[in-house]
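The next block holds one structure in the form of structure tokens; read it before the comments.
The values are calculated or read from the model by the stated rules, or taken from the named source; none is laboratory data. Predicted, not measured: the structure shown is a model, and the values here were computed from it. Glycine gets a Cβ as well: all are built from the backbone with ideal geometry, and neighbour counts include every protein chain shown.
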Amino acid sequence: MVEKRTDEHIGLTTASGIAYDQLAAKSRGTYDAEHFNELLNRAAEALIRITPVYLFDPDSGARRRLNDAELLNAQVTRAASALVLADGREVKDVSLLRSDLRAAITILKGAGLTAFSPAPERHNGTKVP
């Protein structure tokens, strides 16, 4: 009998890159590192709002799902490789399930999202909230 493979986790940075590639109106061109890091952060922010997010717990050796309170107002940083949670903790080794990523991309496409632009800047150079 063939063993059924469980759903695989995919890192948030990788998931963000896949989401960007599948949703962007045009293919990825040449970007400076800061611009591309911001694009990954924006893609990850969209993903964490609509799909379960998991964190590797080194004490137990298992992944646990982050709860809604932890993700409330969470901010994505470091090219989608870290999350600053609602309580101020910065966590890494964050992932999504591959099947959840597929569903999230379908939802975002259905909502008409086609780009992840960096936050607009004001005339004095500061970002608009």
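See the values below:
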{"item": "Any hit, the range 64-77, residues being modelled with pLDDT of 95 or more and in contact with a Lys or Arg (Cβ under 6 Å, 6 or more places away or on another chain)", "result": "no"}
{"item": "Helices (runs of 4 or more DSSP H) fully within the range 12-108 counting 1 or more residues that are of a type in the set (G, A, S) and surrounded by 14 or more Cβ atoms within 10 Å (Cβ to Cβ)", "result": "12-23, 33-50"}
{"item": "Subset of the range 33-57 (residues that are free of Cβ contacts under 8 Å to residues at least 24 places away in the same chain and more than 18 Å from L85 (Cα to Cα))", "result": "A33, E34"}
{"item": "Check on A119, modelled with pLDDT under 95 and either surrounded by 14 or more Cβ atoms within 10 Å (Cβ to Cβ) or assigned to a strand (DSSP E or B) (or both)", "result": "no"}
{"item": "Checking G61 against (1) modelled with pLDDT of 95 or more; (2) at positive phi; (3) not hydroxyl-bearing (S, T, Y), the condition it does not meet", "result": "(1)"}
